[in-house]
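Please read the structure below before turning to the comments.
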Amino acid sequence: RQGRSPQSGWYSDAPLSGGVLLDLMIHDIDVARWVAGDVARVFARTNAVGASQTTQAFLTHASGAISQLTATWTTAPIEFRTLFDVAGSTGLLSADSDVRRPFAAVTTSVDGDTLLPRFDALTSPYRAELADFLAGIDEGRPPRVTARDGLEAMRIADAIARSAETGRVIALTDDTQEVAA
């Protein structure tokens, strides 16, 4: 995932905003968890030169799967882009936001529900997310992404930041607690 670095304000101050890790990579963390399950440990590096910043992280999932994530803010005149590959025992799935049809296939779960909402590259992902959330309320179904998913993404992001700072592998422990709303 890559994009132009913020040009002004608190957003361009990585210690205040969370930098490229919380701006871009947090979404890749969500996808990695969705595809490969809970994360057991991480190793990461961050390099910054001026307003450009890159974080690369290796996630080892409890399932044994490994995810490699890279997120870049750059001052170069580039367009936002996201892409990923998922390699499995029966093939490779690739997605790239630079192409008209970013996903070639839609997979269904055992009960027949579509795992990925229908998506067109011309559709605003923010509008699609909000529309799906509102449809879930209307239909009485739970949200695709829960508060626990958000908490886990932040726990993983925190471990990535600590690994990048210390140069060490950081193990994620199951220290989450139920919190009443």
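Which condition number in (1) more than 12 Å from Ile160 (Cβ to Cβ); (2) in a strand (DSSP E or B); (3) modelled with pLDDT of 90 or more; (4) of a type outside the set (D, E, K, R) is the one that Gly3 fails?
(3)
Within the range 133-181, which residues are of a type in the set (Asp, Glu), within 25 Å of Ser67 (Cβ to Cβ) and at pLDDT 90 or above?
Within the range 133-181, Asp149, Glu152, Asp158, Glu165 meet the criteria.
Scan the range 134-153 residue by residue and report those that are in contact with a helix residue (DSSP H, G or I) (Cβ under 8 Å, 6 or more places away or on another chain) and under 15 Å from Met25 (Cα atoms).
Within the range 134-153, Asp149, Glu152, Ala153 meet the criteria.
If we scan the range 56-75, do we find a residue that is loosely packed, with under 14 Cβ neighbours inside 10 Å and either modelled with pLDDT under 90 or touching a His at 6+ places or on another chain (Cβ under 6 Å) (or both)?
First, pick out the residues of the range 56-75 that are loosely packed, with under 14 Cβ neighbours inside 10 Å: 62-64, 66, 68, 75.
From what's left, either modelled with pLDDT under 90 or touching a His at 6+ places or on another chain (Cβ under 6 Å) (or both): 75.
Yes, there is a match, as at least one residue in the range 56-75 is loosely packed, with under 14 Cβ neighbours inside 10 Å and either modelled with pLDDT under 90 or touching a His at 6+ places or on another chain (Cβ under 6 Å) (or both).
The values are calculated or read from the model by the stated rules, or taken from the named source; none is laboratory data. A quick note: this is a predicted structure, and the numbers were derived from the prediction, not measured. Virtual Cβ from ideal backbone geometry, glycine too; neighbours counted across all protein chains shown.
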